[in-house]
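We did not get these values from a lab; they are worked out from the coordinates using the rules stated. All values reported here derive from a predicted model rather than from experimental measurement. All Cβ positions, even for glycine, are placed from backbone atoms using ideal geometry, and neighbour counts span all protein chains on display.
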Amino acid sequence: MSILAHESNEELPAWSLPAAAGESIRLPEAWTEPVTREWAWGGTAGKGVRVCVLDSGIEHGHPLVGRVDRSVAIVREDGGIVVREDDAEGDLCGHGTACAGIIRMLAPECELVSVRVLGAGYTGSAKVMLRGLEWAIDQGFDVVNMSLSTTKRDYVDRLHELADMAYFKRTMLVASAHNMPVESFPWRFASVISVGSHEESDPFTFYSNPRPPVEFFARGLEIDVAWLGGGTLRSTGNSFATPHISGICALILGKHPELTPYQLKSVLHLTASNVRDE
Amino acid sequence: MSDLQAAVAAGVLGAEEGHRALLQSTAEVARAIFKARASSIFLLDTETDELVFEAVAGEGAQTLIGQRFPSSTGVAGWALVTRQPLVVDDLTADTRFSQEAAESTGYVPKALMAVPLLVEDRALGVLEVLDRSSEQPFSLADMNLLGLFASQAAVALDLLQRARRARAALAGEGELGALARVAAQLEAAGEEARLSGLELLRALERLLAPES
């Protein structure tokens, strides 16, 4: 199915609600209990949740990553940008493998899919990233990890449209914030979850930030991340804080697959280390 | 009009060496701030999609200037394509990286900090700090300092690139060449010649001004 509304088979959106139709859209009372970490993800390992890593690829067979369910690459070919199915090149630089390893550590049973958009040079990389995101949204992933951003103003409108499209299609985009005085995207959009770093060592410690645009802080300092060749490397950066939140999102959706992105963000807030003391 | 202004400015802004000194100084300061063994500034060559060593302080200095590699390889490449600052700490564990680094630069760092150099919506290059001091544990405040410092380096790099473009516009006997030469000569001339020159320029300005 295409992500373009006019090409899809979906019913037209409901712009209004007729009288007495409230009953027809009654939703289950899902939050009758207090929202604790136990309620949010106790007893789940993320089974059935499909997580996409939009990055430099994922090394196959890495012990910290385990099974990679699918790998595609977005490549420039004959002047255009195409999706190459069944990409066998793995990871070109290590960044995607590092992110995938963190997600796997937190959500051991989630599905991992690699969409390679980095590694083919700087020129045109914003277009390649956009095409990769379009593909990921089209595939209906539950979570898309984006430890990357663009500063290109020309692409901001399209990126914003895609972020909103993902939000309404129940695909949660989790994006790295920037710790530099420069505007970059998509992390600044309200329809994604933006992640910065804290200095603590517990992977499940995360904070809800009362002063956005950075919405959550996760572990981002001196982490032993999966690295090319089956090894690890000690790394620091928001790039690695982001997959912590992606992994926790995968856990929550593993237990509560009905949650929409705004409900998921609310659960994250309610279970954050500075909100609920458990 | 911007080319014309840039061209005239280039005539009075000074030579390539001045800008090189600015970048070199930036690399030296980055090295000093983090008490590091070396620091490098890479420029993105958008024509070839490569990163080029533009300034190096400390280990590997001078022999590296002008060396180039594909824009998305190495830790510098990640920082560029993800637009994210990155720090890696035990690179020697990765023999592939070590070999590549040794072959290209003759120096194998154990730890590396890389930050993209961004001005407005453009990425100009990457700043790297190699083997920072391990006296103090690394903190996110260091990361923020790196980001702030990179913003300053990016401005310097932007100025350098603008001046280079202006100089390219002046190359040979192009129609803008005379303007820049006149500007440079005015700057260098003695007091009397300079005043006469300025008088002539004002006359030229009146001559060219549109009728009101």
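Before moving on, here are some points about what is shown:
- Using a Förster distance of 30 Å, the FRET efficiency for B:ARG20-B:VAL182 (Cβ separation, nearest 0.05): 0.70
- About the Cα centre, charge dipole magnitude for the stretch B:14-168 (Lys/Arg +1, Asp/Glu -1 at Cβ), debye: 300
- Note on A:ASP157, A:ASP78: ascending count of other Cβ atoms within 10 Å places them as A:ASP78, A:ASP157, the fewest first.
- The ranking of B:PHE138, A:PHE217 from fewest to most other beta carbons within 10 Å of each one's beta carbon is B:PHE138, A:PHE217.
- Plainly put, the stretch B:14-168 has a radius of gyration that is 0.94 times its Kirkwood radius, both from alpha-carbon atoms, as the Rg/Rh ratio.
- When the Cα positions of B:LEU159, B:GLN185, B:PHE138 are compared along the charge dipole of the stretch B:121-202, B:GLN185 comes out farthest toward the positive end, with charges on each C-beta of Lys, Arg, Asp and Glu.
- Distance (nanometres) between label positions extended 7 Å along Cα→Cβ at B:ARG164 and A:TRP15: 5.4
- 3J(HN,Hα) from dihedral phi, the stretch A:81-98, Karplus parametrisation 6.51/-1.76/1.60, rounded to Hz, x for glycine, proline: 10, 10, 9, 9, 6, 6, 5, 9, 7, x, 10, 7, 9, x, 4, x, 5, 4
- Cα pair count fraction exceeding 18 Å, expressed as % - the stretch A:29-126: 52
- DSSP beta bridge pairing in the protein assembly as shown, given as percent antiparallel to the nearest 5: 65
- Couplings 3J(HN,Hα) of the stretch A:238-248, computed from phi: 4, 3, 9, 6, 4, x, 4, 5, 4, x, 5 Hz, in residue order, whole Hz [Karplus 6.51 cos²θ - 1.76 cosθ + 1.60, θ = phi - 60°; x for Gly and Pro].
- Against the rule of thumb 2.2 N^0.38 Å, how large the Cα Rg of the stretch A:167-227 comes out: 1.19
- Debye, to nearest 20: dipole size of the stretch A:39-271, +1 on Lys, Arg Cβ, -1 on Asp, Glu Cβ: 340
- Cα convex hull, the stretch A:39-271: 113 Å³ per residue, rounded to a whole number.
- Burial order of peptide ranges A:55-61, A:163-169, A:202-208 (average beta-carbon count within 10 Å, highest first): A:55-61, A:163-169, A:202-208
- The protein assembly as shown - mean residue ellipticity at 222 nm from DSSP helices (-39,500 (n - 2.57) per run, n ≥ 4, rounded to 500): -12000 deg cm²/dmol
- Placing pseudo-labels 7 Å out from each Cα toward the beta carbon at A:PHE168 and A:GLN263 gives an inter-label distance of 1.9 nm.
- Rounded to the nearest 0.05, the FRET efficiency derived from the C-beta distance between B:ILE33 and A:GLU29 at R0 = 45 Å is 0.20.
- On the beta carbon distance between A:GLU77 and A:ARG158, with R0 = 30 Å, the FRET formula returns roughly 0.90.
- For A:ILE137, A:ILE193, B:ILE41, order by how many other beta-carbon atoms lie within 10 Å, fewest first: A:ILE137, A:ILE193, B:ILE41
- Note on the protein assembly as shown: Cα-only Rg and Dmax are 26.2, 93 Å.
- What you get for the protein assembly as shown, charging only the Cβ of Lys and Arg (+1) and of Asp and Glu (-1), is a dipole of about 380 debye around the Cα centre.
- Spin-label model, B:LEU148/B:ALA203: points 7 Å from Cα along the beta carbon direction are separated by 5.5 nm.
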